[in-house]
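Okay, so here's the structure we're looking at.
The values are calculated or read from the model by the stated rules, or taken from the named source; none is laboratory data. Quick caveat: nothing in here was measured; it's all calculated off a predicted structure. Glycine gets a Cβ as well: all are built from the backbone with ideal geometry, and neighbour counts include every protein chain shown.
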Amino acid sequence: MSGAVYRSGPKEQPYRLMVPYVDFSTAQNLTIATMAAIIHRNNTGEGQHVEASLLASALTSSCPMLIDQAILKQDHGRIGNAGSAIGPCDLFNIAGRFILVQVTGDPMFKRWCEVVGREDWADDPRFAGDDLRAKQQDVLNGRMQEWCDTQTFDVAMATLEESRIPAAEVLSPQQVLDNEHIQAMGYLKPIDYPGLPEPAPLIDTPFRMSATPGEIKTRAPLLGEHNDDVLGEVGYSAADIAGFKQREVI
């Protein structure tokens with residue numbers, strides 16, 4: 001309902017997004033709102049109703065696309081992996097391994113032209129600015145793939161890094177888990193969970209704080225696992241809780 005799926009995929013068919021970003025961003029949004037409400041309560045003594053929703057989170061992430069449509073009325077359709085506002089931008093194949101490359105701004109475009117051997121394009125009026133380059137995706141992405149066809153993977157990545165052109169390999173989930181850089185970051189924590197044959201890699205807080213670092217204190221509870229503790233904290237007796245269970249309230 002946010003428009004994201006409509007814009008994803010090839011021209012023939014929309015693709016749903018495999019990454020559940022809406023679910024996780026909603027939890028983060030609600031966390032931010034809850035913390036703000038706690039600060040407000042501490043300052044004023046007043047509580048308030050706090051609300052977040054999946055649709056509101058999806059609309060937030062899709063907002064740049066909605067602004068583009070509301071103001072420019074461009075009616076962008078699906079363009080696969082190409083960029084809608086910059087160029088070149090796409091997934092490129094190097095000997096069976098895909099990389100994402102996206103070039104933004106004139107200085108980076110000039111460096112890209114030097115990498116792919118088309119220095120003359122830096123002053124070509126067809127490519128004067130991101131908007132015009134986005135309209136020339138076929139030409140620019142085509143040249144990028146031609147260059148990739150002449151490269152080995154390691155040399156290509158080293159060349160792009162040296163030229164300060166953002167590029168990254170498209171990793172499979174297993175490659176993500178095995179990636180040395182990701183492992184060194186330390187964000188994925190192995191957490192035991194009942195019924196799993198081995199610990200699950202759970203993301204730690206996706207940010208770092210020097211004075212008050214976050215941490216995973218416990219695993220996620222089983223359904224109803226903490227009923228007694230939670231209800232006891234708010235004043236229900238053991239008899240009350242037993243009655244709830246007997247009457248299948250919980």
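When region 228-250 is filtered for residues that are surrounded by 11 or more Cβ atoms within 10 Å (Cβ to Cβ) and within 30 Å of Leu188 (Cβ to Cβ), only Val230 remains.
Taken over region 90-120, the residue count meeting the criterion of being surrounded by 19 or more Cβ atoms within 10 Å (Cβ to Cβ) and farther than 16 Å from Glu161 by Cα is 1.
Can you tell me which of Ala85, Ala37 is more than 23 Å from Ala167 (Cα to Cα), within 27 Å of the chain's Cα centre (by Cα) and surrounded by 13 or more Cβ atoms within 10 Å (Cβ to Cβ)? Show your work before the answer.
Values: Ala85 fails: more than 23 Å from Ala167 (Cα to Cα).
Of Ala85, Ala37, the one residue that is more than 23 Å from Ala167 (Cα to Cα), within 27 Å of the chain's Cα centre (by Cα) and surrounded by 13 or more Cβ atoms within 10 Å (Cβ to Cβ) is Ala37.
Scanning region 60-94 for residues being out of contact with any helix residue (DSSP H, G or I) (no Cβ under 7 Å at 6 or more places or on another chain) and part of a strand (DSSP E or B) gives a total of 2. Selection of region 105-126 for residues being farther than 17 Å from Val139 by Cβ and not in a helix (DSSP H, G or I) yields only Gly105. Residues that are more than 25 Å from Asp106 (Cβ to Cβ) and at pLDDT 90 or above were ranked within region 64-76; the one that is surrounded by the most Cβ atoms within 10 Å (Cβ to Cβ) is Gln69.
Do we have Ala220 as more than 21 Å from Thr31 (Cβ to Cβ) and outside the structural domain of Trp112 (by TED's automatic domain parsing) here? Considered against the rule, which asks whether it is more than 21 Å from Thr31 (Cβ to Cβ) and outside the structural domain of Trp112 (by TED's automatic domain parsing), Ala220 comes out as no. Screening region 203-235 for residues that are over 22 Å from the mean Cα position of the chain (by Cα) and among the charged types (D, E, K, R) and picking the one that is farthest from Val176 (Cα to Cα) gives Glu233.
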